[in-house]
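Structure first, then comments.
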Amino acid sequence: MTTGILGGAFDPPHFGHLALAREALERFDFEPLLVVPAGDPPHKTVATPAEIRCRMAELAFADMPRVEISRIELEPGGPRYTVDTLRLLKESHDDLTVLVGADQFAGFRSWREPDTILELARLAVASRPGYEEEALSAVLVTLARPERVSFFPIPAHPVSSEQIRARVRDGLPIDDLVPSAVVVEIARLGLYQR
């Protein structure tokens, strides 16, 4: 059984995240797909506490079969980097595949220990229509284990967590961008206000 891993800040989780998870579950038949909210991501500043982001992920993915929310990065002293998370997950899961977007893969060489990541897990790279294949190929040829990387197409879903936070700040609706339970939680907690 292959365990899929979908990591991210999920600040907030949105329909793009859900679409990626659905496509990956269909294509790779993961059992399960672990959604891993970042505890303290080293590559970006996240203002929303990890517990709240994890709760929103639980709400967003609640109705999706074969998806589990992992709190591995939320533990005190938990891993901050993908390679460290994979080392921990490898103790209880034999076969791991990490889902990343094409934009993330374009910067994969800057990740901590990218070649070790590919020893611990395969990468499944979701590519949207119109994404520059040359940029992906340029990364692929630099890797020690390029055969551990596969690409799969996903429909364009032009939404980002940053856009959603800006819409909330501006008092605009987000109902068509995030699951309704997440909309309610954002309003209940007063997240992303000015």
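Since every read-out is calculated from the coordinates, none of them should be taken as a lab result. Predicted model, so just to flag it, every value in this text is computed and none were measured. Reconstructed Cβ throughout: ideal geometry from the backbone, glycine too, with neighbour counts over all protein chains shown.
Taking a ≥ b ≥ c as the square roots of the eigenvalues of the Cα gyration tensor of the chain, is the shape rounded (a/c under 1.5), prolate (a/b larger than b/c) or oblate? Intermediate values should be presented prior to the final figure.
Details: a/c = 1.65, a/b = 1.42, b/c = 1.17.
Judged from the Cα gyration tensor, the chain comes out prolate (a/c at least 1.5, a/b above b/c).
In which sequence would Met1, Met56 go, from the one with the fewest C-beta neighbours within 10 Å to the one with the most? Please list the in-between numbers first.
Values: Met1 9, Met56 25.
Arranged by neighbour count, lowest to highest, Met1, Met56 become Met1, Met56.
Where in region 59-94 are there GluC sites (Glu not before Pro) that are in a DSSP coil and have at most 10 other Cβ atoms within 10 angstrom of their Cβ? Provide the component values of the computation, followed by the final result.
Working: sites: Glu68, Glu73, Glu91; in loops: Glu73, Glu91.
Counting only loop positions with at most 10 other Cβ atoms within 10 Å, the GluC sites (Glu not before Pro) in region 59-94 are Glu91.
For region 99-194, what mean projected area does the convex hull of the alpha carbons give, in nm²?
The Cα convex hull of region 99-194, projected and averaged over all directions, gives 8.0 nm².
So how far apart, in nm, are the two label points at Asp175 and Met1 if each is 7 Å from Cα heading toward Cβ?
3.9
Within region 110-125, name every residue whose backbone N is under 17 Å away from a label modeled 7 Å from Cα of Val141 along the Cβ vector.
none
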